[in-house]
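**Student:** Have a look at the structure that comes next, please.
The values are calculated or read from the model by the stated rules, or taken from the named source; none is laboratory data. The structure presented is a predicted model; accordingly, all values stated were derived computationally and were not measured. Counting neighbours? That spans all protein chains shown, and the Cβs are built from the backbone with ideal geometry, glycine included. Just the protein is used for accessible areas: all its heavy atoms, side chains included, with ligands, DNA and RNA removed. Shrake-Rupley method; radii C 1.70, N 1.55, O 1.52, S 1.80 Å.
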Amino acid sequence: MPLALAQLQDIGDRITDRLRPWSRSAEFWVRAADIYTSYKVCQLRAGFVKDEEEREAMWEQQHELGAQKMYSICSELGGLFLKAAQILGKPDLAPMAWVKRLVTLCDNAPATPIDVVRDVVEKQFGKSFDDIFECFDVEPVGSASIAQVHRARLKLSKTDVAVKVQHPGAEKLMMVDIRNMQAFALFLQKYDINFDLYSATKEMEKQICYEFDFVREAKAMERIREFLRVTNKKKPPVIVPRVIPEMVSREVLVMEFIEGTPIMNLGNEMAKRGIDPGGKIATMAKQKILTDLTLAYGQMILKDALLDYGQVKAMPEDLRLAYANLVIAMADDDFLRTKESFREIGIETWSIADNELEELFQLSLRMFDTRLPPGVTAMSPFAEDSSLNKVGVQSFPEELFSVLRTIQLLRGLTVGMGLRFSCAQQWKPIAEEALLNCKIKKAAEKFCQETVFE
């Protein structure tokens, strides 16, 4: 009898697994339709209201309602929607009501139970958990959409390490989610947003597959670590954790543990130490941190075409140099060069604006720079006053979405730290060096081809 019950339970589990993608998709579409229609209804109602304050109050109320619904879909469905929360939970990209709700999910996603974590580690490394670690913190340091990180100490070397462990089943769920997101993106870009959202979701699909391969991530970490060491003769602007040899698999990654304060918690940490978070000393410290971080990203994008660890992206040489041209154009406020750079990059646009060059330049700042106009704290490409309402983006290179995501990350940090900062101006010298090196390389190649050695 117990055997029969076990077999029935196994059959039930298999049926549940088969039906789960369908039920998950149905739940997504019901919830997405609810959020979308509520905003469209608010947009329609606001169109009949002449008083600006009353309109703003209507939108604030709608944003609060939308934030609660978005929080529910992200926290309850998990998977790709947790990653969406990480992207949208930035103070420059979404309404503040959304940010306040979604930011709590960025590093506090539901954690995998410690018993499951032990099983994954033992299966991946083929060793007993207790033979590997002298101690292992049960509570994770952080948990995100793909994995969670625990602090531990290796038994043999007595080294403090960070152990990154994938959530079992997360990859399968995300593949279901991305298909639904792609369909929704096609709908939005057809009826609401003048931007090639579908290409963004296609690139996201590629990057998600990369993020589930920790062996690839470990190689990228070592490559970036070495690149920053060679590029910066004195001291690298950021520290890249050292991967522990022989302790890397597709689902588990062990690296050295580096003590630090989350960058968005700097204000609280300074206050604890008696430093005024809004004072000159704090502002100088924040500026130094942001400059170093921006410098590191600029070097990786414009010199080696690398981004992140899990989402490493090698851009084609011609795209990297075209982007360097765009960086210089933005730093110099050069409208014409911006248009030429868009064409070189492969960004196809259409315009209904009389001042096309200016609107195109403003769109480039919204997408590819961190600077904000005075008094502005949100500069989303999809805002109501966005240049996308006057300049539509028909085609956008998939390879460039990683750069776009990096800019949004840096801008979110800039706004969150209360600073005014232009990554284009910071990256201009790096971009100029990249273009100069390319010219020198081409000149040398041409000389070699034209020279006849006897």
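**Student:** Determine whether region 158-172 contains at least one residue that is in a helix (DSSP H, G or I) and not small (Gly, Ala, Ser).
**Tutor:** The initial filter retains those residues of region 158-172 that are in a helix (DSSP H, G or I), namely 170-172.
Add one more test, that the residue is not small (Gly, Ala, Ser), and what stays is 171-172.
Yes, the conditions are met somewhere in region 158-172.
**Student:** With (1) touching a residue at least 60 places away in the same chain (Cβ under 8 Å); (2) more than 23 Å from VAL403 (Cβ to Cβ); (3) open to solvent by 40 Å² or more (accessible area, probe 1.4 Å) as the list, and LYS190 as the residue in question, which single condition is left unmet?
**Tutor:** Among (1) touching a residue at least 60 places away in the same chain (Cβ under 8 Å); (2) more than 23 Å from VAL403 (Cβ to Cβ); (3) open to solvent by 40 Å² or more (accessible area, probe 1.4 Å), the lone unmet condition for LYS190 is (1).
**Student:** Then there's this: If LEU156 passes every condition in (1) under 23 Å from GLU76 (Cα atoms); (2) at pLDDT 90 or above; (3) open to solvent by 20 Å² or more (accessible area, probe 1.4 Å) but one, which one does it miss?
**Tutor:** (1)
**Student:** Within region 45-81, take every residue that is free of Cβ contacts under 8 Å to residues at least 24 places away in the same chain and touching a Lys or Arg at 6+ places or on another chain (Cβ under 6 Å) and give me the one that is farthest from SER25 (Cα to Cα).
**Tutor:** VAL49
**Student:** Among the residues in region 374-394, are any of a type outside the set (D, E, K, R) and at pLDDT 85 or above?
**Tutor:** Step one: of region 374-394, the residues of a type outside the set (D, E, K, R) are 374-383, 386-389, 391-394.
The next check asks that each one be at pLDDT 85 or above; those that pass are none.
No: region 374-394 contains no residue that is of a type outside the set (D, E, K, R) and at pLDDT 85 or above.
**Student:** Given the residues ILE178, ILE244, ILE208, which is the only one that is among the aliphatic types (A, V, I, L, M) and outside any helix (DSSP H, G or I)?
**Tutor:** After ruling out the rest, the residue left standing is ILE244.
**Student:** In addition: Would it be correct to say that GLU454 is surrounded by fewer than 20 Cβ atoms within 10 Å (Cβ to Cβ), charged (D, E, K, R) and modelled with pLDDT of 75 or more?
**Tutor:** no
**Student:** Answer with yes or no whether LYS83 is open to solvent by 40 Å² or more (accessible area, probe 1.4 Å), in a helix (DSSP H, G or I), within 30 Å of PRO245 (Cα to Cα) and of a type outside the set (S, T, N, Q).
**Tutor:** Values: open to solvent by 40 Å² or more (accessible area, probe 1.4 Å): no; in a helix (DSSP H, G or I): yes; within 30 Å of PRO245 (Cα to Cα): yes; of a type outside the set (S, T, N, Q): yes.
For LYS83, the condition - open to solvent by 40 Å² or more (accessible area, probe 1.4 Å), in a helix (DSSP H, G or I), within 30 Å of PRO245 (Cα to Cα) and of a type outside the set (S, T, N, Q) - is not met.
**Student:** Could you tell me which numbered condition ALA220 fails, if it satisfies all but one of (1) among the small types (Gly, Ala, Ser); (2) free of Cβ contacts under 8 Å to residues at least 40 places away in the same chain; (3) in a helix (DSSP H, G or I)?
**Tutor:** (2)
**Student:** Which one of these is open to solvent by 20 Å² or more (accessible area, probe 1.4 Å), at pLDDT 80 or above, among the aliphatic types (A, V, I, L, M) and over 25 Å from the mean Cα position of the chain (by Cα): LEU404, LEU357?
**Tutor:** Working: LEU404 fails: over 25 Å from the mean Cα position of the chain (by Cα).
Result: LEU357 is the single residue among LEU404, LEU357 that is open to solvent by 20 Å² or more (accessible area, probe 1.4 Å), at pLDDT 80 or above, among the aliphatic types (A, V, I, L, M) and over 25 Å from the mean Cα position of the chain (by Cα).
**Student:** Further question on the same structure: Kindly evaluate ALA218 against the criterion of being modelled with pLDDT of 90 or more, out of contact with any Phe, Trp or Tyr (no Cβ under 7 Å at 6 or more places or on another chain) and of a type in the set (A, V, I, L, M, F, W, C).
**Tutor:** Numbers: modelled with pLDDT of 90 or more: yes; out of contact with any Phe, Trp or Tyr (no Cβ under 7 Å at 6 or more places or on another chain): yes; of a type in the set (A, V, I, L, M, F, W, C): yes.
Taking the combined requirement at face value, the residue satisfies it.
**Student:** Okay, next question. Are there any pairs with C-beta distances below 8 angstrom linking a residue in region 244-273 that is without any contact (Cβ under 8 Å) to a residue 12 or more places away in the chain to a residue that is surrounded by 11 or more Cβ atoms within 10 Å (Cβ to Cβ) and in a helix (DSSP H, G or I), with the two at least 6 apart or on different chains, and if so which?
**Tutor:** Filtered contacts from region 244-273: THR261/GLU269.
**Student:** Can you name the residue in region 104-123 that is among the hydrophobic types (A, V, I, L, M, F, W, C) and open to solvent by less than 50 Å² (accessible area, probe 1.4 Å) and is also modelled with the lowest pLDDT among such residues?
**Tutor:** Keep residues of region 104-123 that are among the hydrophobic types (A, V, I, L, M, F, W, C), which gives 105-106, 109, 111, 114, 116-117, 120-121.
Within this subset, residues satisfying the condition of being open to solvent by less than 50 Å² (accessible area, probe 1.4 Å) are 105-106, 109, 114, 117, 120-121.
Working: LEU105: 76, CYS106: 67, ALA109: 74, ILE114: 96, VAL117: 96, VAL120: 96, VAL121: 97.
Going through the qualifying residues, I end up with CYS106.
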